[in-house]
1. At a probe size of 1.4 Å, how large is the accessible area of Glu179, to the nearest 10 Å²?
2. For Arg91, what charge total do you get from the other residues with a beta carbon under 13 Å from its beta carbon, if Lys and Arg give +1 and Asp and Glu give -1?
3. Just need log10 I(q)/I(0) for segment 33-105 at q = 0.17, 0.26 Å⁻¹, Debye formula, equal scatterers on the alpha-carbon atoms, no solvent, rounded to two decimals.
Amino acid sequence: MTDTRGNSDVPRQLTAGERPAPAHRPAQRTPGRVTVALLGGFRLTLDGRDVELPGGAQRLVAALALSGRMSRSRLAGTLWPETEEHRALARLRTGIWRVNQAAPELVVTTAGEIALHTRAEVDVRDVVDRSLRVLHGGEVDATAWSPGEDAGDLLPDWEDEWLADARERLRQMRLHVMETVAERLCESGSYGLAIEVALTVLRADMLRESAHRVLVRVHLAEGNLGEAWRAYETCVHVLDRELGVRPTRATSDLLAGRPPGVRRRGLSHPH
């Protein structure tokens, strides 16, 4: 072939009509907004719509939501501890397929490890993040820690043993945070709400001496010496009845040198 200048073997420029159509590429599916709720019960939503999953697939999502990235063998052993490994791994493959059919790309596998997609929003993670901010000295939003707020227990209807550690971690974190919130509210002069928060902790665990101590401090800060003595003597009675011990010095020193107010018969002055 020769071009207009006499040069041969030079490819001719194709016209628009002669150009081949571009290869068809399937449109990529944009992952929707996924939320995983574990407090009060399992719930998975995709773009605000509830997604139904069988029990095994629910547990797969819950385990990843609580533990983060896990190896295949560890995750399979956690979910099916009494099943032979090859069968547990087969169940895991089925579970991953079912989850991703219902919520595309929610479960991600890379280099032998499994995790939820980073877009997944998990209510437990949100509670932990807010708790850590408070414990590290961050600003306290009293409305977010209202005594009337029922955050719900972690998957209360499930009896899986692998949930025990996560439940205890969450319980301890909540109690520590609420004690911290009560102390901050006291410092800001919100005594009534501080008392309510402290009492909420005690309703959850009456043997928690640190919560009794917070309550005594709030009453003292408010200038109610009689109430402080009453709160202290309740602590004395509960610890003696349930554990056969007296409050620690950190608690009894709060009232050292202060004249007793309203006191119950038979209870002695703190040492």
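1. 20 Å²
2. +2
3. Log10 of I(q)/I(0), two decimals: -0.62, -1.27.
The values are calculated or read from the model by the stated rules, or taken from the named source; none is laboratory data. All of these numbers come straight from a predicted model, not from anything done at the bench. Here Cβ is always computed from backbone atoms with ideal geometry, including for glycine, and neighbour counts include all displayed protein chains. Ligands, DNA and RNA are stripped out before the accessible areas are found, and what is left, the full protein with its side chains, is counted by its heavy atoms. Shrake-Rupley method; radii C 1.70, N 1.55, O 1.52, S 1.80 Å.
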